[in-house]
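The values are calculated or read from the model by the stated rules, or taken from the named source; none is laboratory data. These numbers were taken from a predicted model, which means no experiment stands behind them. Here the Cβ positions follow ideal geometry from the backbone for every residue, glycine too, while neighbour counts run over all protein chains shown. Ligands, DNA and RNA are stripped out before the accessible areas are found, and what is left, the full protein with its side chains, is counted by its heavy atoms. Shrake-Rupley method; radii C 1.70, N 1.55, O 1.52, S 1.80 Å.
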Amino acid sequence: MYRGERTVSDRQKNPSQSRPRVIVAGGGFAGLAAVKQLARQPVDVLWIDQKNYHVFQPLLYQVATGLLDPETIAIPLRFCTRKWPNVRVVLGEITDIDLTGRTVTAAADSFAYDYLLLAIGSTTNFFGNGELASRAWDMKGLTMSLRLRAEILESLERAAMETPRGQIPALAFAIVGGGPTGVELAAALSHLVRHEIPKDYPELDTKRIPISLLQAGDALLPSLPPAIQAYAQARLEAQGVNVRLKSRVQHFDGRTVTLDNGECLAAPLLIWTAGVHAAPLIAKLRVSQGPGNRIEVNRNLQIPVHPEVYVLGDLTFHKDALWPQNAPFARQSGTFAARAVLNAALGTGPHPNFRYRDLGTMVALGPMNAVVYLPWMGRLSARGFSGWVIWLVFHIGALVGFRNRFAALLDWGSGLMNRRPAAGLIVSYDKEPASKK
Ligand SMILES: Cc1cc2nc3c(=O)[nH]c(=O)nc-3n(C[C@H](O)[C@H](O)[C@H](O)COP(=O)(O)OP(=O)(O)OC[C@H]3O[C@@H](n4cnc5c(N)ncnc54)[C@H](O)[C@@H]3O)c2cc1C
């Protein structure tokens, strides 16, 4: 798409254009990595997202628990593209993709492409349980994390009002999912409730507020070695988190969680971190799809019958490759696809097959404590303070932009020095559970 062209009909009126038109759909990890590669290259790039910013999702739990300001983990797309004259940003929800006609519809306009890099990511998967979808909270996005922060703080305010001194507050938190997100959230929530909140709510005995982490499998952090799993569990338990393994949630009535063994658990605030499926638009596309509506691709991330379409990040599925839904895969897929498009468009020869490089896993377990597992460094693992230093260096480097890195250091530093947490304001958000976003 050359600059100034907006619609298919505009392009048809002006057939002289010759630069390949590339649409990058989605401004997440995959979309950003792709656009970075395409910047300043002889292609015209249209970058579409329904939000005007890129968000660093792995730190959303820190926004939900007041450890980081929301703007620290996000960056406007137009700020990224300031120095990229061949990239145009369109803010709007993509409502249709015509794979045969090679057009994308967004913001009530239709845009033609020669190459499409599809990277619109995933949404929370409640596995068809409507009860959970309408009552549980999730953190899939900045708005939802801010609403969750408001809800956590409001529930503490209500408990402070309603609980006579010396009595246990009628409040309990439960987190579903023992993967990295659930574990990090449990540790951060426990730090907030057990260490930060008591300073401001002397009338509330927050040590006795239950925080449960419910994991369907028989270990936390299933992809990590058993020693790290055991360490993480012991660490959470030492912080007052009730870790419950083999506990699959079946019902939630808004106050009580029922497990598949019939056991009931009071938890007025239930946070769901137990899975994702492809963004809803994908279900409408007539392409072969795998688990969670992910799109089946070949080894080069292309849709076999539409090789001009590359599928990236959380949307990608290959029946023989165990590609994960995580940030490193999303970034690597975006970089690979953009290079492949440049090779094809500029006729610079074939591009090698995509190869995923597992960069490992890092999970924060509260202030100055983390577990790290790096398979590419001789299966190096670290835990405790040394793990946290690696976690810190990596996350500071991974945030986009100097301002965000500096702000994160400031927020974490002030937290460690026992100063005011980054964000403790209850700001008025339209509070609704996940499905009503
Ligand atoms: C709470 C949380 C914690 C996580 N923690 C980790 C972690 O610790 N480590 C790790 O590696 N991974 C983590 N992940 C997973 C990781 O964030 C994702 O795998 C990664 O973001 C996928 O990148 P993506 O580009 O495919 O999609 P996303 O980053 O989700 O980006 C998709 C983009 O598409 C846009 N979009 C969606 N639908 C439309 C539409 N119809 N029209 C226009 N735009 C649209 C969205 O606004 C978004 O900007 C976490 C995810 C979450 C939610």
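Structural remarks
- Heavy atoms of the protein chains alone define the surface here; on that basis region 134-192 has 32 Å² accessible area per residue at 1.4 Å probe size.
- Rounded to the nearest 10 Å², the accessible area of residue 36 at probe 1.4 Å: 110 Å²
- Taking every DSSP beta bridge that has both ends in the chain, the antiparallel portion is near 50%.
- The Cβ shell under 13 Å around residue 49 holds other residues with a net charge of +2, Lys and Arg each +1, Asp and Glu each -1.
- Among 362, 417, 144, 161, the sequence by solvent-accessible area, most first, with a 1.4 Å probe is 161, 417, 362, 144.
- The calculated pair-distance distribution of region 159-262 uses every alpha carbon pair, bins of 5 angstrom beginning at 0, and gives 2, 13, 21, 21, 18, 14, 8, 3, 1, 0 percent.
- All other residues whose Cβ lies under 12 angstrom from that of residue 32 are scored, Lys and Arg at +1 and Asp and Glu at -1, for a net of +1.
- Spatial separation of Cα centroids for region 285-341 and region 210-243, in angstrom: 32 Å
- Hydrodynamic radius by Kirkwood, which averages 1/r over all alpha carbon pairs of region 257-321, in angstrom: 14.1 Å
- Of the residues 24, 427, 243, the one that moves most in a GNM of the chain with alpha-carbon contacts below 10 Å is 427.
- Highest-MSF residue in the chain out of 66, 128, 141 [GNM, Cα springs under 10 Å]: 128
- Legend: residues 137, 376, 47, sorted from most to least accessible area (1.4 Å probe; ligands, DNA and RNA excluded), read 376, 137, 47.
- Helical segments meeting 27 Å axial Cα length and Kyte-Doolittle -0.5 threshold in the chain (DSSP H): 142-162, 327-346
- Spherically averaged projected area of the chain from its Cα convex hull (nm²): 21.6 nm²
- Region 178-293, accessible surface, carbon-and-sulfur percent (1.4 angstrom probe): 52 percent
- The chain: relative contact order as a whole-number percent, Cα under 8 Å and 6+ apart: 19 percent
- Stokes-Einstein diffusion coefficient of region 100-196, Kirkwood radius over Cα pairs, 25 °C, 0.890 mPa s, in µm²/s: 141 µm²/s
- Accessible area ranking (1.4 Å probe, heavy atoms, ligands and nucleic acids excluded), largest first, for 379, 21, 208, 244: 379, 208, 244, 21.
- When region 184-326 is reduced to its Cα atoms, the Kirkwood hydrodynamic radius in Å: 18.3 Å
- Only helices enter this figure: runs of n ≥ 4 DSSP H residues, each worth -39500 (n - 2.57), summed and divided by the residues of the chain, yield -9000 deg cm²/dmol at 222 nm to the nearest 500.
- Tensor-based shape of region 67-109 (alpha-carbon gyration tensor, a/c under 1.5 rounded, otherwise prolate or oblate): oblate
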